[in-house]
Each structure stands twice: as structure tokens, then as C-alpha cells.
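Take a look at the structure below.
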Amino acid sequence: MSNLSLLILPGDGIGPEVMAEVSRIIDWFGAHRGLKFDVSEDLVGGCAYDKHGAPLHDDTMARAQEVDAVLLGAVGGPKYDDLDFSVKPERGLLRLRKEMDLFANLRPAQCFDALADFSSLKKDVVAGLDIMIVRELTSGVYFGEPRGIFEEGNERVGINTQRYTESEIDRVARAAFDLAMKRGRKLCSMEKANVMESGILWREVVTRVGADYPEVELSHMYADAGAMQLTRWPKQFDVIVTDNLFGDLLSDLAAMLTGSLGMLPSASLGAPMANGRPKALYEPVHGSAPDIAGQGKANPIACILSFAMALRYSFDAAGEAERLEQAVNAVLADGLRTADLLGEEGVQPVTTSEMGDAILARLDASD
Ligand code: IPM
Ligand code: MG
């Protein structure tokens, strides 16, 4: 079998620190499990702007289109706050998503047993929580035209457009139904069909796709009520499918239910390539955390679990993904905590690389 190609884009802030731990784990799977990766590394975000004057160089974009999977750390930082909108670090990420056509963004919100006390909700509301938000990622108000700030009479008007075609809704709905089939066979679709035409169409198309998945129990909720239900009793959900903007909000909300934004991975998947693998980018849900960058305080787990998602969704290695997830579970059960997870009496934080060491030790033990 030819080597698997991976493009690593550590990005800004804590991105490089957490990605350094992932690199060690990638090497471990090469040395111990026969998963040989060709890894290349490049810039995205503010660091790319510093070097090239753009948050994503065309060569990096071209490379991302060729590899089996892209792994991204995080982008952004206060240093770049005043940059023109068109070259802000986030634009690099948005360009990758758009040009790779990564329409299905999978954001699991899972509560680790050892961390159920960290949630702002009562323990019994979140213990054992395991839901998956599927966010549409390449359309909607993030990309709709017209957009801009225009003169209108004697003032300016800011315009963004929520726009969805039937085929865009159809393909993300199918991705969500496919996932639901492999999980608890329940799918809840969220929109605002009570006020938005795009929401009416969304509901209609998701319902139509549902006819092809009779085993999946489909329900619909207005997105505001969905937010309320997510905080009231999140365990009523299995898979949620929603648009780009609602998905941005609801996935942050769902992440915080688990008490640990520093723990949550994501996968952004597109259509299959010639080799049958989907176009794919994996990244932690958390941001670049510039306030703690460079201090060894960052939690590498979200980025490590993003690599586990790559093993599962790009490399057909679900067993190896589970091995890695179990290693993470085990170190948490052992009581290891990075600084973001403190709160328990008498617990000393471990550093980013000590967390990496512990996960590697658990992997060794599993081999
Ligand atoms: C996310 C982030 C991004 C988004 C930003 C960084 C552009 O919030 O991935 O959820 O809004 O999609
Ligand atoms: Mg977000």
C-alpha cells in the first residue's frame, strides 16, 4: 500500500504546540501500527500572512487539494485584529473549506466520564452525553451573495445573504442520515422555517431525503428551540443537522455542555476523491488561545482526537481511532489534567507535552 499523505497546518497561537504532540502520535502509528504517513507541513493564518501577505498561499491551497487529509491547528490572534477583512487569518481557513468543498462538518460533543463535573450543567444532564452536530460548511450566510457594506442614501448598510440550493441541502442531509445510520438512528434537523424561506426549503429537502432512510427517526426543530433543548436535556439528541451559521452557534453551545472546549475535535468532509477517500480537513473546535500560547499550558487532546477522526473517516482505520480515543480516556481517568481542566482539589496541571507523553505511554501499553 502506498503511504498516506497528510498536510499539517499548525497555524497560530497554541496551534504549533498542540500539533507537535499530534506529530509524535502520527509517528507512533507509523512505527507500531504500520500506518505510514508522508507528512508535509505548511503555513496558514496569521503566520502565512506574515510570510506571504496572505493567510493561505496558492501553493498551500494546491497541496491541500492533493493530499489524503489536512490537519489544522488554529488560526488568528490579536496581532492580526486590524488587518483588512480579506487577509484576516480566518479567511485562510474559510478558503480551504470553500475550495476543497468541505460541505459536511462533523462536530461531536462527547462528555468524558472523568470530566462530567466540569460542565456548567448538572452532572446527570451531561454524563454519558454523545451527540454529533453536522454543520453545513460551504454555503449559507457565510458565503451568500450579495454581501458587503454599501452606501444607501446618507448611511451605510451591511449585507449578508442566507442562500441554500436544494442540492446543497440534499448532500449535507445525506451525510447526516448516513452518520445516524451508524449511530443511534435519530436525526434532528434545525432551521428557522417559521421566518426564513431558506429554512422552509431546508425542511422540505431534509424530509424528502429522509424517505431514503426509513430506519432513521427524523424530527425538525426551530434552531432557537433547539438551543433551548440542547441545554435542557441534551441526551434527547443523537445526530443534529443544521446550516452554517446555526451550526457555528449550536456547536459551541454543545461543546460547552461537555465542560471542555479543549477536548473537542472536528472533521470537515467533502466529496470522494479518485482514490475513494473524501476530501477532508480535521481541526480542533477550539481557537488559537493567544493568551496562553507558548507556555506549555494548552490541552492537545482536541487536536489529537481530530487525528483520531482522520484515522476513522479518511484512513478506514476505525480500530486504530478507537485505540487512540481509549488512550485519551485512560489518561483522563488516571487524573491527568492540563490547566484548562483544573478545579479539582489538589490536582497539579500537566504541560502540553506531558499530556502527550502520557497518551503515548498508554498507546504503548495497548500495542
Ligand atoms: C468555527 C469558527 C470559524 C467559523 C471562524 C474561525 C471563521 O468559529 O470553526 O466554528 O465561524 O466557522
Ligand atoms: Mg465557531
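Each row is one residue, and each column tells you yes or no for (1) over 30 Å from G294 (Cα atoms); (2) of a type in the set (G, A, S).
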{"site": "D82", "(1), (2)": "no, no"}
{"site": "S86", "(1), (2)": "no, yes"}
{"site": "L102", "(1), (2)": "yes, no"}
{"site": "I133", "(1), (2)": "yes, no"}
{"site": "T161", "(1), (2)": "yes, no"}
{"site": "S167", "(1), (2)": "yes, yes"}
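For the stretch 245-268, give me each residue that is assigned to a helix (DSSP H, G or I) and either over 24 Å from F143 (Cβ atoms) or at pLDDT below 90 (or both). Result: D252, A255, M256, L257, L261, G262, M263.
Looking at the stretch 233-251, which of the residues that are of a type in the set (A, V, I, L, M) and more than 16 Å from ligand 2 (Cβ to nearest atom) is nearest to S119 (Cα to Cα)? Steps first, answer last, please.
Looking only at the stretch 233-251, we keep the residues that are of a type in the set (A, V, I, L, M), and these are 239-241, 245, 249-250.
Subset that is more than 16 Å from ligand 2 (Cβ to nearest atom): 239, 241.
Working: V239: 21, V241: 23 Å.
Looking at residues that are of a type in the set (A, V, I, L, M) and more than 16 Å from ligand 2 (Cβ to nearest atom), I get V239.
Go through (1) away from ligand 2 (no atom under 16 Å from the Cβ); (2) free of Cβ contacts under 8 Å to residues at least 40 places away in the same chain and name the single condition L269 misses. Only one criterion is unmet by L269, namely (2). Counting only residues that are away from ligand 2 (no atom under 13 Å from the Cβ) and in contact with a strand residue (DSSP E or B) (Cβ under 9 Å, 6 or more places away or on another chain), which one in the stretch 252-266 is farthest from E217 (Cα to Cα)? In this case the residue turns out to be G262.
Checking each residue of the stretch 77-87 against the condition of being more than 16 Å from ligand 2 (Cβ to nearest atom), out of contact with any strand residue (DSSP E or B) (no Cβ under 6 Å at 6 or more places or on another chain), over 20 Å from G46 (Cα atoms) and in a helix (DSSP H, G or I) gives no match. Out of curiosity, is G144 over 17 Å from the mean Cα position of the chain (by Cα), within 16 Å of ligand 2 (Cβ to nearest atom) and in contact (Cβ under 8 Å) with a residue 12 or more places away in the chain? Answer is no for this residue. Just one residue in the set S86, S119 is more than 22 Å from S268 (Cα to Cα), of a type outside the set (D, E, K, R), surrounded by 15 or more Cβ atoms within 10 Å (Cβ to Cβ) and over 14 Å from the mean Cα position of the chain (by Cα); that residue is S119.
Listed by first and then second residue, the pairs linking a residue in the stretch 77-96 that is away from ligand 1 (no atom under 11 Å from the Cβ) to a residue that is among the polar types (S, T, N, Q), with Cβ atoms under 7 Å apart and 6 or more places separating them unless they lie on different chains, are G77/S288.
Only one of the listed residues (R183, R171, R156, R163) is touching a Gly at 6+ places or on another chain (Cβ under 8 Å), away from ligand 1 (no atom under 16 Å from the Cβ) and not β-branched (V, I, T). That residue is R163. Listed conditions (1) out of contact with any Cys (no Cβ under 7 Å at 6 or more places or on another chain); (2) in the same structural domain as K88 (by TED's automatic domain parsing) are all met by P214, apart from (2).
Selection of the stretch 292-321 for residues being in contact with a Ser or Thr (Cβ under 9 Å, 6 or more places away or on another chain) and either closer than 18 Å to P278 by Cβ or not assigned by TED's automatic domain parsing to the domain that holds G30 (or both) yields S306, M309. Could you give me the residue pairs with C-beta distances under 9 Å whose first residue belongs to the stretch 214-232 and is in a strand (DSSP E or B), whose second residue is surrounded by fewer than 19 Cβ atoms within 10 Å (Cβ to Cβ) and among the β-branched types (V, I, T) wherever it lies, and which are 6+ apart or on separate chains? Cβ pairs passing all conditions: L218/T207; H220/T207; Y222/V195. Applying the criterion of being more than 15 Å from ligand 1 (Cβ to nearest atom) and crowded, with 23+ Cβ neighbours inside 10 Å to the residues of the stretch 281-304, the residue that is farthest from the chain's Cα centre (by Cα) is A298.
Every listed requirement among (1) buried (at least 23 other Cβ atoms within 10 Å of the Cβ); (2) away from ligand 2 (no atom under 16 Å from the Cβ); (3) over 22 Å from F112 (Cα atoms) is met by M221 save one, (1). Take K98 and decide whether it is part of a helix (DSSP H, G or I), within 19 Å of the chain's Cα centre (by Cα) and farther than 25 Å from L363 by Cα. Yes: the conditions hold for K98. Residue pairs whose Cβ atoms lie under 9 Å apart, separated by 6 or more positions or on different chains, with the first residue in the stretch 184-195 and in contact (Cβ under 8 Å) with a residue 12 or more places away in the chain and over 25 Å from D130 (Cα atoms) and the second part of a strand (DSSP E or B) and not aromatic (F, W, Y), are A193/H220. The sole residue among G92, G13, G73 that is in a helix (DSSP H, G or I) and either aromatic (F, W, Y) or touching a Pro at 6+ places or on another chain (Cβ under 6 Å) (or both) is G92. For the stretch 315-324, residues that are closer than 17 Å to S23 by Cα and surrounded by fewer than 24 Cβ atoms within 10 Å (Cβ to Cβ) total 4. Of all residues in the stretch 53-72, at least one satisfies being outside the structural domain of R171 (by TED's automatic domain parsing) and within 15 Å of ligand 2 (Cβ to nearest atom).
The values are calculated or read from the model by the stated rules, or taken from the named source; none is laboratory data. Note that the structure is predicted; figures quoted are calculated from it, not measured. Note that each Cβ is placed from the backbone with ideal geometry, even for glycine, and that neighbours are counted across all protein chains shown.
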